[in-house]
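See structure below.
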Amino acid sequence: MEKKRILIVDDERNMCEALFDVLEQEGFSVSTALDKEEALRLIKNIEFDLLLLDIRLKGVDGLDLISAVKEINPGIAIIIMTGYPSLESAIEGTRLGISDYLLKPISIESLKASIQHALIQKDKEKQKEQLAKKLEESGRRLALLEETLAQATKLASLGKIGPAMFHEVKNILSIINVSAYYLKKNIEAKDPRVKKHLEIVEKEIEHAHRIIMGLLDLSRGHQEKLIPCEINQLLEETLSLLNHELELKGIKIVKDYGSEIPLIFLEPNELKQVFINLILNAQDAMPKGGELRITTYRENDFLLVKFSDTGCGIKKTDLEKIFTPFFTTKRESGGMGLGLAVSQELVGKYGGVMAVESEENKGATFIIKLPLNKSIESLREKIGKEK
Ligand SMILES: Nc1ncnc2c1ncn2[C@@H]1O[C@H](COP(=O)(O)OP(=O)(O)OP(=O)(O)O)[C@@H](O)[C@H]1O
Ligand SMILES: [Mg+2]
């Protein structure tokens, strides 16, 4: 183990020499200084662990020297030696973070005990500081991740990001996870709030991981494969990606799912993209929270999915424009005006249609109407022809 470095500052040469020998023998690496200038020069060049200082140096206010030392090496432990104790200097010394106050003549035993204690304290302080830094870093990364995820959900819904990015985010998550584990193991359990927050971090990492896996699946995108899908199940899978954000924004989801809805042949990720676009639009329309009701039912040979929100609604003059690519009223907040255009195209691919009913300030309802394809072959043929 590396030797701890001690600087002795005393204007009595004999005192310096005596202490030098004793402390060297105790296994410390010791330097000495007889005046303020020499002391500061040494402090600037060597990272000492502890300063043993005679507070009454000739012509120098020892407390001023402590301030200067702390500025150069804030983590240094300081023990003051004095032959003339005063209450004022003791109080000021405590304010400056002095570890101990020893009265001359100094007993070697109490000096050794005092040094051990100060060094242990210093190590603890350092560890605490490192942990605090790590915690801050984890928090920063988590905030960044949250932002990335919100953006990613939107882009994934438009099929605009590939799996590489999700792997990247998964890596960040693993790093945060390891840091959180380390912090939890090492942090002193004096403050239960610290542990509680670390548990929150861990829980949220797990949560973000689940979202990432869902997005990864979504970003694999079009597999050109028609699978018999349960529409309610697809909605549930989509909501599991967005639930957390919806909850944060105070949006209540009311599920009015029909029972006995036949399976429908679809490429599931495509329909999930449509659902995400509609849910995100509803979320944008209700910045102060509200309710989104999702209804599914069968009507003759069609399957209907309705999204009704209690948001700002759509102006009459905008109603006919909203499916046009790049039409957006959210340019300032980063809207691209593509969500509905892409959704309409995807629904159209399965012979379905999308409709909207809305009045300004009275919410909006988007309806998806999909034909219940009786024969997979005819649908395959249809999709094949369109490509
Ligand atoms: N539920 C809704 N309530 C109110 N207005 C809506 C709703 N859904 C869509 N709109 C209007 O339709 C416009 C177009 O929506 P669309 O999803 O295509 O694009 P966007 O949401 O603006 O941007 P993005 O490309 O990010 O989805 C929106 O800007 C908004 O004005
Ligand atoms: Mg949108």
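The values are calculated or read from the model by the stated rules, or taken from the named source; none is laboratory data. These numbers come from a predicted model, not from an experiment. Virtual Cβ from ideal backbone geometry, glycine too; neighbours counted across all protein chains shown. Areas reflect the complete protein model, heavy atoms only, side chains present, ligands, DNA and RNA absent. Shrake-Rupley method; radii C 1.70, N 1.55, O 1.52, S 1.80 Å.
Close amide H pairs (under 5 Å, H built 1.01 Å from N) link Phe302 with Leu372, residues at least 5 positions away or on another chain. Computed over all pairs of different Cα atoms, the Kirkwood value for the hydrodynamic radius of region 287-328 is 12.9 Å.
Between the amide H of Ile251 and those of Gly290, distances stay under 5 Å, these residues lying 5 or more places away or on another chain, with hydrogens modeled in the peptide plane. Derived scalar couplings between HN and Hα for region 252-264 equal 8, 9, 10, 9, 10, 7, x, 9, 6, 8, x, 5, 10 Hz in order, rounded to whole Hz, by the Karplus curve 6.51 cos²θ - 1.76 cosθ + 1.60 (θ = phi - 60°), x for Gly and Pro. Tell me the net charge near Asp123. Cut-off is 10 Å between Cβ atoms, Asp123 excluded, with +1 for each Lys or Arg and -1 for each Asp or Glu. Within the 10 Å Cβ shell, the charges total +3. Leaving ligands, DNA and RNA out of it, report the carbon-plus-sulfur percent of the accessible area of region 1-97 at a 1.4 Å probe. Within region 1-97, the accessible surface is 48 percent carbon and sulfur. Normalised by 2.2 N^0.38 Å, where N is the number of residues, the C-alpha radius of gyration of region 5-106 stands at 0.97.
For region 1-65, GluC sites (Glu not before Pro) meeting the loop criterion (DSSP other than H, G, I, E, B) and having at most 16 other Cβ atoms within 10 Å: Glu2, Glu12, Glu26, Glu47. Each peptide in 260-273, 111-124 was scored by the mean count of other Cβ atoms within 10 Å over its residues; highest first, the order is 260-273, 111-124. Between the amide H of Glu360 and those of Ile314, Lys316, distances stay under 5 Å, these residues lying 5 or more places away or on another chain, with hydrogens modeled in the peptide plane. Shown in residue order for region 118-129 are the 3J(HN,Hα) couplings computed by the Karplus curve 6.51 cos²θ - 1.76 cosθ + 1.60 at θ = phi - 60°: 5, 5, 5, 4, 4, 4, 4, 4, 5, 4, 4, 4 Hz (x for Gly and Pro).
Whole-Hz Karplus values for region 275-292 come out as 4, 4, 4, 5, 5, 5, 4, 4, 4, 5, 6, 10, x, 9, x, x, 10, 10 Hz, taken residue by residue from phi with 6.51 cos²θ - 1.76 cosθ + 1.60 and θ = phi - 60°; glycine and proline positions read x.
By the scheme Lys and Arg +1, Asp and Glu -1, what is the net charge of all other residues having a beta-carbon under 9 Å from that of Ile78? All intermediate terms of the calculation are to be shown ahead of the outcome.
Working: positive: Lys70; negative: Asp100.
Surrounding charge for Ile78 is 0.
With the Kirkwood sum run over all distinct C-alpha pairs, region 227-386 has a hydrodynamic radius of 16.2 Å.
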